[in-house]
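First the structure, in the form of structure tokens, and then the observations on it.
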Amino acid sequence: MTDYDKIAKHFLERRADKSRFDYNRDIEVPAMVKLIGNVKNKVILDLGCGFGDHSLKLSKKGAKKIIGIDLSKELIKFANEQNISNCKFEVGNIDQKLKFPHNYFDIVISGLAIHYIKNINQLFKEVKRVLKKNGTFVFSTGHPIFDLINQTPKLKNEMKALGTRRIIDGNYFDESQKISDLGSIGKVKMYSYTFETFIKSGLNNGFELIDYVDAKPVQGSKKYDSEKYKLTTTLPTFILFKFKKK
Ligand SMILES: C[S@@+](CC[C@H](N)C(=O)[O-])C[C@H]1O[C@@H](n2cnc3c(N)ncnc32)[C@H](O)[C@@H]1O
């Protein structure tokens, strides 16, 4: 059973809970959908697709075909139960060679999954292999600065006392696997990679970096939790990269 199998139901329910601010629904998903851009008639691979939240949105925007893969059987079950048109979800490990043919996809996306992968270089190689020429790879991950504060729970209380001032702790260059606390959802093991690792993995594997985003929450989310809205509009939570296969 994977980390996400254990928390799958709660992970799904929390995103749907309109009574509270949700980092994925209110920040990451809208930022990804915007950065991915036009998907009409595109063939898309969603790596670490979870219960298919991004795929659902891209399907509604006219994608021709979407394949989602995820390590969690439970999340894949939820994804398939949604019967999203033009989407197929299956269990698979994105930290291994992908089973898809060369030059097959127009777009590869990955929402908040890349930091679970040990072999980032292999992932970029594989994404390049399965993408068509000029195809794009759009992914999101935690902002290294936000993660440095998050790694040290005692700082959360200190942060409250500090108001808008912040303390940064932890080691930005330490890319080893760590336990990350996702608050009420639970704890999972993940890596925290540097900007250099992401950018060089792309450049060294034949990609061109064509866009980048420091994600901010959508305006309408302020009503759920003005404190979290204020925190996430002053302290960046997620970063998004858009690479193009040369
Ligand atoms: C934060 S969740 C994001 C899920 C989805 N992209 C979303 O944004 O709703 C991270 C996902 O990565 C998946 N994951 C972690 N390691 C993986 C691996 N080696 N292969 C495939 N999926 C993996 C987890 O099961 C989980 O669904």
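Since every read-out is calculated from the coordinates, none of them should be taken as a lab result. From a predicted model like this one, the values you see are computed outputs, not experimental measurements. Note that each Cβ is placed from the backbone with ideal geometry, even for glycine, and that neighbours are counted across all protein chains shown.
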**Request:** Under 17 Å Cα to Cα from Lys245, which aspartates and glutamates show up? Leave out anything in the same chain fewer than 8 places away.
**Result:** Asp46, Asp106, Glu126, Glu208, Asp211
**Message:** Among Ile7, Ile120, Phe146, which residue has its Cα furthest toward the positive end of the charge dipole of the chain, with +1 on Lys/Arg Cβ and -1 on Asp/Glu Cβ?
**Reply:** Ile120
**Request:** List, in the order given, every pair from Lys99/Lys222; Lys9/Lys97; Lys34/Lys246; Lys118/Lys244; Lys60/Lys216; Lys60/Lys132 whose Cα-Cα distance in the structure shown is over 31 Å.
**Result:** Lys99/Lys222
**Asked** What is the fewest-to-most order of Asp22, Asp169 by other Cβ atoms lying within 10 Å of their Cβ?
**Response** Asp169, Asp22
**Amide H contacts under 5 Å for Ser180, placed H, 5+ residues apart** = Val188, Lys189, Met190
**Message:** Tell me the mean residue ellipticity at 222 nm calculated for the chain from its helices only (DSSP H runs of n ≥ 4, each -39500 (n - 2.57), averaged over every residue, nearest 500).
**Reply:** -10000 deg cm²/dmol
**Message:** For the chain, take the longest principal axis of its alpha carbons; what is the angle in degrees between that and the long axis of helix 3-16, to the nearest 10 within 0 to 90?
**Reply:** 80 degrees
**Considering only the chain, percent of DSSP beta bridges that pair antiparallel, nearest 5** = 50 percent
**Request:** For the chain, list log₁₀ I(q)/I(0) at each q in 0.14, 0.18 Å⁻¹, using the Debye formula over Cα point scatterers of equal strength and ignoring solvent, two decimals each.
**Result:** -0.94, -1.60
**Request:** Could you size up the charge dipole of the chain around its Cα centre, putting +1 on the beta carbon of Lys and Arg and -1 on that of Asp and Glu, and report it in debye to the nearest 20?
**Result:** 760 debye
**Prompt:** Could you give me the ³J(HN,Hα) list for the stretch 99-107, computed from phi with Karplus coefficients 6.51, -1.76, 1.60 and θ = phi - 60°, whole Hz, x at Gly and Pro?
**Reply:** 8, 8, x, 4, 6, 9, 9, 7, 9
**Prompt:** Using the Cβ atoms and a cut-off under 12 Å, what net charge is assigned to the surroundings of Lys244, where Lys and Arg are +1 and Asp and Glu are -1?
**Reply:** +3
**Message:** Can you give me the C-alpha center-to-center distance between the stretch 107-137 and the stretch 184-215, rounded to a whole angstrom?
**Reply:** 10 Å
**Item:** Fewest-first sequence of Val43, Val29 by Cβ atoms within 10 Å of each Cβ
**Value:** Val43, Val29
**Item:** Degrees between helix 120-130 axis and first principal axis of the chain (Cα, 0 to 90, nearest 10)
**Value:** 30 degrees
**Asked** If contacts are Cα pairs under 8 angstrom and at least 6 residues apart, what is the relative contact order of the chain in percent?
**Response** 21 percent
